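Input: a single structure, listed below in structure tokens.
The values are calculated or read from the model by the stated rules, or taken from the named source; none is laboratory data. Here the structure is a predicted model, which means the values were calculated and not measured. Note that each Cβ is placed from the backbone with ideal geometry, even for glycine, and that neighbours are counted across all protein chains shown. Accessible surface areas use protein heavy atoms only, side chains included; no ligands, DNA or RNA. Shrake-Rupley method; radii C 1.70, N 1.55, O 1.52, S 1.80 Å.
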Amino acid sequence: MKRSFQENEQEEGGGPSWGGQKTIKWSAKQGGEEELEEEEEAASWECLPQELLLHIFQYLPLLDRAYASQVCRGWNQAFHMPELWRCFEFELNQPASSYLKATHPDLIKQIIKKHSNHLQYVSFKVDSSRESAEAACDILSQLVNCSLKTLGLISTARPSFMEMPKSHFISALTVVFVNSKSLSSLKIDDTPVDDPSLKVLVANNSDTLKLLKMSSCPHVSPAGIMCVADQCHGLRELALNYHLLSDELLIALSSEKHVHLEHLRIDVVSENPGQQFHTIKKSSWDAMVRHSPKFNLVMYFYLYEEEFDPFFRDEIPVTHLYFGRSVSKDVLGRVGLTCPRLVELVVCANGLRPLDEELIRIAQRCTQLSAIGLGECEVSCSAFVEFVKMCGDRLKQLSIMEEVLVPDHRYELDDIHWEVSKHLGRVWFPDMMPTW
């Protein structure tokens with residue numbers, strides 16, 4: 001009986017010796033499964049398809065991507081896939097003068113050695129030092145085996161490319177223009193580019209160039225930009241300084257050979273107080289509108305008050321208008337009379353004379369206005385409410401500093417919020433600081 005009880009107990013798992021054996025076997029099995037699962041997991045990560053690895057790597061910052069390339073041979077191969085190197089931004093900063101991160105020199109050497117022929121969409125972000133600008137040009141000079149589609153030269157502070165020798169910059173840029181036969185986008189604001197280099201650009205990329213931004217390029221003449229307009233019939237976006245704008249340029253952009261321009265940005269900047277500015281004929285603007293009826297004309301004004309005389313005398317098809325310096329009541333009054341296509345208006349400063357009549361006139365005449373920003377100006381609360389009432393819910397962006405609004409006999413500042421919100425059809429409050 002005793003032996004039978006012990007056997008039954010062992011069979012049922014109640015005995016201490018059998019229970020211990022079972023526990024040991026179970027633990028060993030569990031550990032083996034965990035190891036097996038870990039091995040399978042490692043194998044699955046190592047054997048990910050290349051297209052999936054490529055998709056993952058595209059979301060990783062460059063440094064993390066470099067660390068990931070050291071995991072295994074497959075990931076290292078993925079790191080060097082041409083698709084990952086088509087788009088790249090070189091960040092060039094001097095540690096002594098900038099807190100911004102910089103692309104490591106060893107990585108730059110590796111890119112030039114292994115991936116220069118893969119680069120297609122390239123930009124250079126440089127700080128204010130001449131050394132960084134020269135480093136960017138040194139890299140450009142070595143890109144002899146690549147055919148870029150887009151190139152952007154961006155100065156994060158003052159225009160550092162203007163500080164370097166012009167010949168060095170032109171030589172480097174010419175390398176890109178000659179070797180890139182399909183350049184479609186070029187952003188070279190604040191650089192010493194000149195007329196001969198633009199001719200090289202046109203000679204090699206006239207069929208593909210669609211976007212050209214070259215504001216603040218003092219070595220380019222109206223004849224140089226005319227060469228671009230005459231040959232690059234696919235140009236859709238153009239940004240330049242006012243001194244390059246001419247009646248001849250607008251006529252060239254309006255020719256039957258030229259595609260419809262979509263975006264024209266003009267920077268009107270005064271280098272010295274009292275500077276004289278030429279005028280553009282209304283007939284030239286009319287030709288532009290007939291050819292490209294939906295194009296956006298964006299104008300930035302950085303002028304002194306006495307320099308506005310040539311502007312807004314005749315109708316102008318401007319759609320987005322920004323005044324970076326103080327502008328007079330008279331000029332804003334003319335805006336309401338001559339800018340029927342106006343969509344957006346920003347006035348950073350005006351003075352102490354209320355803009356009541358000017359705002360009402362703009363609301364009446366500029367029927368497409370959907371965004372406005374006012375900074376250091378004065379508008380009575382009653383006139384502001386009337387302006388919003390006339391524009392209604394088409395005002396998608398209304399950025400008005402609180403100190404702009406002057407209480408009057410009808411409205412206090414506390415009333416403005418409710419009254420304006422009612423006419424806009426949404427909750428609105430004055431801004432505490434500029435948002436444009």
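For the reader, a short list of remarks on this structure follows.
- Total residues in the range 390-428 satisfying the condition of being over 30 Å from the mean Cα position of the chain (by Cα) and in a loop (DSSP other than H, G, I, E, B): the figure is 7.
- Pairing residues of the range 405-425 that are more than 17 Å from residue 355 (Cβ to Cβ) and hydroxyl-bearing (Ser, Thr, Tyr) with residues that are at pLDDT 90 or above and open to solvent by 40 Å² or more (accessible area, probe 1.4 Å), at Cβ distances under 7 Å and at least 6 apart in sequence or on separate chains, gives 421/427.
- Checked against (1) without any contact (Cβ under 8 Å) to a residue 40 or more places away in the chain; (2) over 25 Å from the mean Cα position of the chain (by Cα), residue 299 passes all but a single condition, namely (2).
- Checking each residue in the range 55-107 for being open to solvent by 80 Å² or more (accessible area, probe 1.4 Å) and of a type in the set (A, V, I, L, M, F, W, C) picks out 63, 71, 87, 96.
- Selected residue [outside any loop (DSSP other than H, G, I, E, B), within 18 Å of residue 399 (Cα to Cα) and in the same structural domain as residue 396 (by the TED database)] from 337, 369, 345: 345
- Within the range 407-436, being surrounded by fewer than 18 Cβ atoms within 10 Å (Cβ to Cβ), among the hydrophobic types (A, V, I, L, M, F, W, C) and within 25 Å of residue 349 (Cβ to Cβ) holds for 413, 429, 432, 433, 436.
- 1 or more residues open to solvent by 50 Å² or more (accessible area, probe 1.4 Å), without any contact (Cβ under 8 Å) to a residue 60 or more places away in the chain and farther than 28 Å from residue 275 by Cα: qualifying helices (runs of 4 or more DSSP H) within the range 164-263: 166-179, 195-205, 222-231
- The lone criterion from (1) open to solvent by 10 Å² or more (accessible area, probe 1.4 Å); (2) at pLDDT 90 or above left unmet by residue 335 is number (1).
- Of the set (1) open to solvent by less than 30 Å² (accessible area, probe 1.4 Å); (2) within 27 Å of residue 52 (Cβ to Cβ); (3) of a type in the set (Phe, Trp, Tyr), all apply to residue 121 but (1).
- Every condition in (1) open to solvent by 10 Å² or more (accessible area, probe 1.4 Å); (2) at pLDDT 95 or above; (3) more than 28 Å from residue 271 (Cβ to Cβ) holds for residue 344 except the one numbered (3).
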